[in-house]
Amino acid sequence: MKLAANTWFAPELGLESAIKLVASLGFDAVEIAGTRENLKYEHSALKRMLSEQAINLACISAGVPFLRDTTHLNLHSSRLVTRKESVNYVFQCIDFASRFEAKLVYVCSFNLELGQTKVEARKVFAECLVECVDYAGKLGISLALEHFPSGLYPSILDTCGLVSEIAGLGLVFDTGHEVLCRKHIGLPIIDASKILDVHINNNDGISDNHWPPGKGVIRENNFREIVRHLSSIGYDKYLSLELANTGDDGSDLSESKTYLISLCSDRASN
């Protein structure tokens, strides 16, 4: 397994500084939040920066902008115009990923609209996802769904049901989200091809804090069991740190990387 870190953790740093920090700490890849600002970043400059920093672009997160702009971005909105705008936004993220040989774009469901039923929302959500999967496939990009506690698909088991229904759709497993919605942690999946990314973070069991893995209700033995399981089913993609803050001079990010290396070393010795 390879190690990555997501840049949405520190918007005050800016994309360039965030990438340089992740690269300086020796991560294999960086995951970029697909915000409107980042999607406008000059392509040749970003490609040059990634090359100079000797770091790969693992994926584009279309979750962050959808979380911050639920009025205009919602793949299961009851308003057709909003759904179309949302699908087009995912297309932009896919286009962006394709320019940098990133192989993954992932999306989320966050909240139901007032008065919207789950049956209606799931129907239109699935239709939008099919459009996005088809578009991504034409460019050699994979699309995945990340589960979210307040969304239509809060747990990894909920997500698995939808992934089995939509050909080509993968999933992103998030440790913090899973413990919030199920109050325990586990990864009951044996088909590694369905898992396209794994987010590592921790919380207090109440809020989606995105703390370092060593702090919070998820214990070290829980993380070790997840890594062992991933190894046993042949998962060979990224363990990606998704933290709310980097700490002073990147200390939280650095210490969290050391924590993940320890987990992976334990796996290797077993």
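The values are calculated or read from the model by the stated rules, or taken from the named source; none is laboratory data. Just so it is clear, the structure is predicted and the values come from calculations on it, not from any experiment. Because the Cβ atoms are built from the backbone with ideal geometry, glycine has one as well, and the counts that use them run over all protein chains shown.
A compact table of results
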quantity: Selected residue [in contact (Cβ under 8 Å) with a residue 12 or more places away in the chain, among the hydrophobic types (A, V, I, L, M, F, W, C), out of contact with any helix residue (DSSP H, G or I) (no Cβ under 7 Å at 6 or more places or on another chain) and closer than 17 Å to ASN6 by Cβ] from VAL172, VAL179; calculated: VAL172
quantity: Top-ranked residue of the stretch 234-260 - restricted to ones that are at pLDDT 90 or above and over 20 Å from the mean Cα position of the chain (by Cα), ranked as surrounded by the fewest Cβ atoms within 10 Å (Cβ to Cβ); calculated: THR258
quantity: Test: residue in the stretch 11-20 that is under 21 Å from ALA136 (Cβ atoms) and either modelled with pLDDT of 90 or more or not small (Gly, Ala, Ser) (or both); calculated: no
quantity: Yes/no for SER240 being in a strand (DSSP E or B) and of a type in the set (Ser, Thr, Tyr); calculated: yes
quantity: Lone qualifier among ILE185, ILE190 - being in a loop (DSSP other than H, G, I, E, B), within 23 Å of VAL105 (Cα to Cα) and among the β-branched types (Val, Ile, Thr); calculated: ILE190
quantity: Looking only at the stretch 131-171, and only at residues there that are assigned to a helix (DSSP H, G or I) and among the hydroxyl-bearing types (Ser, Thr, Tyr), the one that is nearest to ILE200 (Cα to Cα); calculated: THR159
quantity: Looking only at the stretch 78-115, and only at residues there that are without any contact (Cβ under 8 Å) to a residue 40 or more places away in the chain and assigned to a loop (DSSP other than H, G, I, E, B), the one that is nearest to LEU129 (Cα to Cα); calculated: ARG79
quantity: Those residues of the stretch 193-207 which are surrounded by fewer than 21 Cβ atoms within 10 Å (Cβ to Cβ) and part of a loop (DSSP other than H, G, I, E, B), in sequence order; calculated: ASN203, ASP204, GLY205, ILE206, SER207
quantity: Residue check, LEU39 at pLDDT 90 or above and either surrounded by 20 or more Cβ atoms within 10 Å (Cβ to Cβ) or of a type in the set (A, V, I, L, M, F, W, C) (or both); calculated: yes
quantity: Residue check for GLN92: among the polar types (S, T, N, Q), under 20 Å from TYR238 (Cα atoms) and surrounded by fewer than 23 Cβ atoms within 10 Å (Cβ to Cβ); calculated: no
quantity: Some residue of the stretch 67-89 being aromatic (Phe, Trp, Tyr), at negative phi and over 16 Å from the mean Cα position of the chain (by Cα); calculated: yes
quantity: Residue count for the stretch 16-69, restricted to those that are of a type in the set (A, V, I, L, M), part of a helix (DSSP H, G or I) and within 23 Å of LEU152 (Cα to Cα); calculated: 2
